[in-house]
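First the structure, in the form of structure tokens, and then the observations on it.
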Amino acid sequence: MLAIYSILFLSCAVNSKTVIGSYKSEVPSFLNNLFTTNCYLKNLSIELFKDSTFKYNSCAQVSEGNWWVVEDTLFMKCQSIKFIEEKFNNDPQYTKGLICYSEVEYFLIKNNKLKSTITVNKKKCSITLSKENN
């Protein structure tokens, strides 16, 4: 019986090599927008490299760091962050935007998608990124 559980557990675990690649955020469907109180973050992309580093792009910033997988969860630890618009990187008014959070970001890995939820202005926002075919 223990052998059966071990096989099932191992088959559910995500292989780190299978997550390597590019992911882009999905546009929520009309029904999702109509029937949910969640917000959806768009224009996000993540590139997971073989050397366990990543590049995470939003509409305003690019962060880089290290990633790892435990079972079905991708963890990402930011090491550096910059604004896409270079002029903001040297503006003292925006220095807080150049600090990586101490928390590790995480995404649930399921069916070639990365899913997470964050809070923005006291509202839950869903993030779904789909793996691109490379």
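Which of the trypsin sites (Lys or Arg not before Pro) found in segment 40-134 are in a DSSP loop and have at most 16 neighbouring Cβ atoms, other than their own, within 10 Å? Intermediate values should be presented prior to the final figure.
Values: sites: LYS42, LYS50, LYS55, LYS77, LYS82, LYS87, LYS96, LYS110, LYS113, LYS115, LYS122, LYS123, LYS124, LYS131; in loops: LYS42, LYS50, LYS122.
For trypsin sites (Lys or Arg not before Pro) across segment 40-134 that sit outside H, G, I, E and B with at most 16 neighbouring Cβ atoms in 10 Å, the list reads LYS42, LYS50, LYS122.
Can you tell me the FRET efficiency between LYS50 and LYS87 if r is taken as the Cβ-Cβ distance and R0 is 35 Å, rounded to the nearest 0.05?
Efficiency, rounded to the nearest 0.05: 0.55.
Could you work out the local net charge near LYS77, counting Lys and Arg as +1, Asp and Glu as -1, over the other residues with Cβ closer than 11 Å to its Cβ? Could the numbers behind the result be given before it?
Numbers: positive: none; negative: GLU64, GLU103, GLU105.
After counting each charged neighbour, the total is -3.
What length, rounded to one decimal in nm, is gained on full extension from LYS123 through to CYS59, with 0.36 nm per residue of separation minus their alpha-carbon distance? Please report the intermediate quantities before stating the final value.
Values: separation 64, 0.36 × 64 = 23.04 nm, distance 1.90 nm.
The span from LYS123 to CYS59 would gain 21.1 nm if fully extended.
Could I have the simple spin-label model distance between SER80 and ASN133, label points 7 Å from Cα toward Cβ, reported in nm to one decimal?
So the two model labels end up 3.5 nm from each other.
Along the Cα-to-C-beta direction of VAL104, a point sits 7 Å from the Cα; which residues of segment 65-90 have their amide N less than 13 Å from that point?
66-78
Coordinate-derived values only; no laboratory data. What you see is a predicted model, and the numbers here were worked out from it, not measured in a lab. With ideal geometry, Cβ positions are generated from the backbone for all residues, glycine too; neighbour counts draw on all protein chains shown.
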